[in-house]
Structures are given as structure tokens and as C-alpha cells.
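Here's the structure we're looking at; comments come further down.
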Amino acid sequence: MAKLKDAAKDKLELGFLMARTEKVGQLANFIWSVADLLRGDYKQADYGKVILPFTVLRRLDCVLEPTKKEVLDFFENKVKSLKIKNPEPLLNQKAGVPFHNTSRFTFEELTKDAENVAPNLKNFINYFSSSGREIIDYFNFNDHITRLDEADLLFLVIKKFAEVDLHPNVVSNMEMGYVFEELIRKFSELSNETAGEHFTPREVIRLMVNLLFINDRDILTQEGIVKTIYDPACGTGGMLSVSEEYIKELNIDAKPVVFGQEINPESYAICKSDMLIKGQNVSNIKFGNTFTSDGLVGETFDYILSNPPFGVEWKKVQTHVRAEYEKKGFDGRFGAGLPRISDGSFLFLQHMISKMKRDNGGSRIAIVFNGSPLFSGSAGSGESEIRRWIIENDLLEAIVALPDQLFYNTGIYTYIWVVTNKKIPERKGKIQLINAINYYKKMSRSLGNKRNEIGDGQDNKPDQIAEITKIYGAFQDNERRRLEVDGKEKDVVVSKIFDNKDFGYWRITVERPLRLNFQVTQERIAKVESETGFAKLASSKKKGEAAAKEEIKAGEKLQAEIKQALQTLGDKLYKNRNEFEKDVTKALKGVNGKVSAPVKKAILNGLSERDETADICTDKDGNAEADTDLRDYENVPLKDDINEYMKREVLPHLPDAWVDESKTKVGYEIPFTRHFYEYVPPRDLKEIELEIKELEEEIRGMLEEIL
């Protein structure tokens, strides 16, 4: 066992050696060439509806081909004659895989009868065992069989696929995964869909898997170990496949059991076919929306990883999600809070946390996010409360910043979050940030927005996946590496260690006193007239034209009397509101009509102006009133004292400021970029001046040539 463990570790040091090979590219191009047959009869956006199910069917056909005769003989001579009620387990045993087909047809046989190819193909599909037939059903394939047959294309397509051998001995499961992903990428481009919603670059998956398993290698090499792996947005199953193979690399005798859920029917069918061929229990892969119909209610898993769609709104499921949040709270999946409707990323993470084991060693999570979950939402918002709950419960272990232009559908920077309830002792209460944005190599050919990839040690290039994994495992603060940045080598900080509290802050409301002066002038009287409370005097809600006119007339008369009464105050400038109010009240006593509180408020508002030299306005209890226009907010680190912060940062500049403690909130954010920012001094002025002169000389020379 020790030799096996050492051999596995040596193998892992070299990486998985799973890059896109030339064979994979040629195979994908061959299968893609079937699209040439479909031109004119199918829209480009619909090519995938034909090619993907045919690829799956041919793959299943190739897997069953070596045992086909034995299965048919057993079916004809034993199952039928003995009338076995449930022959599936026996037939699967004969097939050597967890599915079988009792039709006499194969792709090769289908090419021998062009006239009856449609009914024969349907016969071939219908005689798959239930697990295989269900996969084809999710492609809604029957409609296309008829359509292809009517266009005289069905035989040609089958003949084309019969030319390629997709048996796992020829095309490995990993290579087949690449083929499917390349096909999906092409179909997504043709239909303007988002390829990134279907799959994740394999080097990203391998890095995620490394981070998940790095501390568990000794556990995973134990004899007969059984570990469960779950992806709530599993797509074609790439993450599950890489995780399973990693464990198998470590320990041939290990029994990884995979689970997943997928909302896209084609991706779901491809994932199930892959799991079926590998011998996994395909009932563990569920179809549907993870938020509205959790296919694995009550289940928990050892390892959970996912790449949910970036920044996708959850409006369609908000009724269900809000109901669970409000009725179940922390007994449900979303007790920590709900993010803004435009981005459901944190819903996925909370769902994954709900699937963690609370005992038996706990669980580990790896999830890919864009930058938004790091900082979106201020203190008290849904996002901030979710971050707060995760960090205060010591679940966030590390965040790795990845290079840009790494994904097929977007060029943005992305981040791997590692979340766990089984931190090793030295990581408790700590969070590691890893700056890996410079660990990439340019691709020879871009794929959509994907122009960069993280090196895996092939072609004598650095194994950047292993390097990032080592940085994570070393767990060093302010660790530096010599890296190439913008074409130049420089020392770069790649790792920083923080306390959980370092990301928390008090959101305080800093108030300053309201200071007003008052004066009766024509300009300020005009302001009074525009105040809502005063203007409403000359309006009416009464029914009937005559009654309404009479009320408006009475209101206009009252307005005139009020303005006339105010004129008696002269143009005296008041700097104390209480003194001015007394004089205004006295002046209004001569008005023939009731002056309501809203009207008095309108008068004071219209006749006032802010004045730093005026007395502070106070309420009935003598407390200073806050000036809303001067209100400000400050984020005070949780490790800091609010009073000390005010004395140090605010009061030296604003000595009359104070904190409204009733509005203080706790927030959490992770300003990743700020923590790794390094000041770059501007170039020397002489250097810039010299460069300008050189440009001027160059331009002058060009002009002379033209003239």
C-alpha cells in the first residue's frame, strides 16, 4: 500500500496529463463534420440536437459491441425461454457494464438497410435497458429521427458515425469529455448561448480538486475508502469525472461515489451517459432546478464542488426561494440571507453548505465565482449578511484569484472559494488569499473568450497548477514568488493570511448638527411658495366645480395673508431657530384662518439657509438635530474601537460630529485587489521628456517624407 501511495503521489506531482490532445481535436472535428450533411435542412442553432444524441448513441453502441453477441444469445435462449421477470441485472452482468441493449441492431447493422433505417434505429433505441433509454429520452430524439428520414439524411448520418470507434479503449472517458465539451462550445457559439453555462476549463477543475483533496491524501489512500462527491450544477459531469479520477489515481481500491444535478437536458443526458459507462449509479444524477426541486433532499457529501453560472438572476425561482427562507430560516438552505435578485451565486453556495456533513469528519467545498460575491452589498444587505455568517462560523478557508480570459464565455477575473467545516488547527480562525492571476500561459489558439490557460506541466512548461497548490499548502503570509508580469520578471506577493475579523467592519453613520439662519426676503418667500405644504393651500379635493373653486379661492386668500404677516418681520437675519419660530408664531396670529403644522414647516424650510455660523438647531429635548445633507458614513474595522476611530480620524477635522449608534451595522467584505495592490512609482520626468522628443523627431521625419 505504501508503494502504491508513493507511486500515486509521484504521478500527481506530474499533473494529470489531461490536456486537449490532437486526437481529441481531430475526433471533435470529425464528429462536427456531420454538420455538413445537415446544412439547408437544419438551422445552425439546431445542429447540436442531432449531433450530440448521435454521439452518445454511438458511444454506448461501441461500449456494448464486444459483448453484444453474448447478451443476445442469453436473451434469446435464457430470458425468453425461462420467462425471467427482472432480467436487467443478469443482462447487465453479461454486458459487463450497468446497461445493455437487446436489439439485434448496431450502428454497423443499421448501415446495411437504408430503406428501413428509421424503424430500425427506433428499435435499436427502444431495446436499451431503462438506464440507457432514459438518457436518449432527454434529447427528445424521436422527432429528429422522423425529420432526418424525411430529408433523406438519417442513413447518411448513421453511416458517418459508424465510421468512428468511440469505445473507451480507443477514446478514454476523459478524452470523450473533452470531445463533448468542444462540441457544446461550438453549438453554443452558433446559437449565441453561453458555453460557460455548460462546462468549466479542465485545468480549473484540476486546481479545484487539488485544493479540495490536498489535506486528505492520507485518508483517501486507506484501503476500501468510500467518499461521496457532489456538484449541484454538474453540466456534462466534468468536475465529477476529474474528482473521481483523482481519487482513483491516489488509491486504485477507493470507491468514489458521485452525485449531481443539472437543469439543461442535453448536458444532463451526456453526464448520465458518462457515469453509466464508468459504472457509477446513474440514479445519483438528478434532473431539474437545484433551487426549486432539490433532487437530493437530506443527503450530505464529503466533497462538494461547482461552477455555477456567473451573475445569473434568480427571478424565476424567487417565490420558492423566498418561501423557504421565510418559513424555514436556518432549518432550510437559505437562512443566512438572500442576495440581490440579479445574482444567485450565493444561493448556490448556501445550498452547497447545507449539503455538508456535520459529523464523520465534515466536508470540503470548492466553488468558482466572479468578483461580485467578494464585495457586493453594503452592511446589512443580503450579500454582506451571507458573507458574515460564513466567516463568523469559520467556514471560509481560502480564496484563489485566477487569471483573466480563462473561461470560454467571459474574459473577467474569477475566484475559487474553498469552504469547509473541517479546518486543520493552524487554519482555524484564519483565511488565506492567494493571488494567482499571473499563473497562466497564452493558448496557441483562443476558444471564444478563453485565451489563457493554467499550465499543467506538459510540453516542458511549468506546472502552474502544482505551484498554486503548493502555495495553498504552505499557508505562508506575505509569500513572494518571482513571476513574469506584463513581460517583465518581478517579485510578487502570492499569499496573505488574515484573521476572520479582518474582513468585518462597523458601518457607522456620522452626523453633524443642523445650523440654519432665517430671513424674510423676496427670494425666500418665493421658496416658501414652492414648498408642497404651502402650495397645497390653493388646491381642492372637493367634488363639483363651484365648491372646488370656492375652496381654492379661500386657500389663495390665506396664502396672501400669511405672506403679508411674514413681511412684518422685516429683513432681520435670525441665527437661532427657536427665536425665529417665536416671532413667526406671533406674526401669524393676525392671519384669519388656521395655519397648520405642515404649513408652518413649509414656511421655516422656505425662509431658511444653511449657515455654519448659526446656532445649532435642537429638538424638544434639547438634543442637536442632524443635518441630513452633511450626513456621512464610515467603515470602521471590527478590530478597531469606534470611539477611538472617531477621535483619530473624524473629530480632528469635524469637532462637532457624532455617531448615531442606532444606525450602526456590521458588514463583511473581501477587498481582494486592495490587499495585493503594490504601488508603482511614476516614470522619471526626464525619461518621459526624452520619449516625447523622440516621437516629435519621428513625426517630423514622416511629415518631411510626405511633403
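The values are calculated or read from the model by the stated rules, or taken from the named source; none is laboratory data. Source: prediction; values computed, not measured. For neighbour counting, all protein chains shown are included, and Cβ atoms are generated from backbone atoms with ideal geometry for every residue, glycine included.
How many of the residues in segment 594-619 are assigned to a helix (DSSP H, G or I) and surrounded by 12 or more Cβ atoms within 10 Å (Cβ to Cβ)? Residues that pass the stated criteria total 9. Exactly one residue out of SER372, SER376, SER354 is in the same structural domain as CYS234 (by TED's automatic domain parsing) and touching a residue at least 60 places away in the same chain (Cβ under 8 Å): that is SER372. Taken over segment 221-239, the criterion of being outside any strand (DSSP E or B) and more than 26 Å from THR292 (Cβ to Cβ) is satisfied by THR221, GLN222, GLU223, GLY224, ILE225.
Scanning segment 486-501 for residues that are of a type outside the set (A, V, I, L, M, F, W, C) and either surrounded by 17 or more Cβ atoms within 10 Å (Cβ to Cβ) or within 21 Å of GLU426 (Cα to Cα) (or both) yields SER495, LYS496, ASP499, ASN500, LYS501. From the residues in segment 214-232 that are within 17 Å of ASN281 (Cβ to Cβ) and under 27 Å from the mean Cα position of the chain (by Cα), which one is surrounded by the fewest Cβ atoms within 10 Å (Cβ to Cβ)? If we take residues in segment 214-232 being within 17 Å of ASN281 (Cβ to Cβ) and under 27 Å from the mean Cα position of the chain (by Cα), then THR228 is surrounded by the fewest Cβ atoms within 10 Å (Cβ to Cβ).
For segment 379-417, the set of residues classified as closer than 17 Å to THR469 by Cα, touching a Ser or Thr at 6+ places or on another chain (Cβ under 8 Å) and either of a type in the set (Ser, Thr, Tyr) or free of Cβ contacts under 8 Å to residues at least 40 places away in the same chain (or both) consists of GLU397 only. Exactly one residue among ALA602, ALA597, ALA624, ALA657 is closer than 25 Å to ARG524 by Cβ and in contact with a strand residue (DSSP E or B) (Cβ under 7 Å, 6 or more places away or on another chain), and that residue is ALA624.
Which of the numbered conditions does GLY667 fail, given that it passes all the others? Conditions: (1) of a type in the set (Gly, Ala, Ser); (2) more than 36 Å from the chain's Cα centre (by Cα); (3) not in a loop (DSSP other than H, G, I, E, B). Failed condition: (2).
Could we say that GLN318 is touching a residue at least 12 places away in the same chain (Cβ under 8 Å), in a helix (DSSP H, G or I), under 19 Å from the mean Cα position of the chain (by Cα) and surrounded by fewer than 19 Cβ atoms within 10 Å (Cβ to Cβ) here?
yes
The set of residues in segment 240-277 that are outside any helix (DSSP H, G or I), farther than 17 Å from THR200 by Cα and touching a strand residue (DSSP E or B) at 6+ places or on another chain (Cβ under 9 Å) comprises ALA254, LYS255, PRO256, VAL257, VAL258, PHE259.
Inspection of segment 675-691 finds a residue satisfying the criterion of being within 32 Å of the chain's Cα centre (by Cα) and modelled with pLDDT of 90 or more. Set side by side, the residues GLU181, GLU163 differ, and just one is surrounded by fewer than 19 Cβ atoms within 10 Å (Cβ to Cβ), of a type in the set (Asp, Glu) and not assigned by TED's automatic domain parsing to the domain that holds SER241, which is GLU163.
Of the residues examined, THR300 is not one that is at pLDDT 90 or above, under 17 Å from the mean Cα position of the chain (by Cα) and hydroxyl-bearing (Ser, Thr, Tyr). Please indicate, with yes or no, whether at least one residue in segment 124-143 is at pLDDT below 95, more than 25 Å from LYS272 (Cβ to Cβ) and surrounded by fewer than 19 Cβ atoms within 10 Å (Cβ to Cβ). Looking for residues that are at pLDDT below 95, more than 25 Å from LYS272 (Cβ to Cβ) and surrounded by fewer than 19 Cβ atoms within 10 Å (Cβ to Cβ), one finds none in segment 124-143, hence no. Any residue at all in segment 469-482 that's without any contact (Cβ under 8 Å) to a residue 12 or more places away in the chain and over 20 Å from TYR668 (Cβ atoms)? Scanning segment 469-482 turns up at least one residue that is without any contact (Cβ under 8 Å) to a residue 12 or more places away in the chain and over 20 Å from TYR668 (Cβ atoms). Among the conditions (1) under 29 Å from the mean Cα position of the chain (by Cα); (2) in a loop (DSSP other than H, G, I, E, B), the only one that VAL636 does not satisfy is (2). One residue is enough: does segment 352-365 have a residue meeting the conditions within 14 Å of the chain's Cα centre (by Cα), under 25 Å from VAL321 (Cβ atoms) and modelled with pLDDT under 95? Within segment 352-365 (the criterion being within 14 Å of the chain's Cα centre (by Cα), under 25 Å from VAL321 (Cβ atoms) and modelled with pLDDT under 95), the answer is no, since none of the residues qualifies. Of all the listed residues (GLY622, GLY590), the sole one being free of Cβ contacts under 8 Å to residues at least 60 places away in the same chain, among the small types (Gly, Ala, Ser), surrounded by fewer than 16 Cβ atoms within 10 Å (Cβ to Cβ) and not assigned by TED's automatic domain parsing to the domain that holds SER530 is GLY622. Listed by position, the helices (runs of 4 or more DSSP H) enclosed by segment 507-593 that each have at least 1 residues that are closer than 30 Å to THR664 by Cβ are 577-588.
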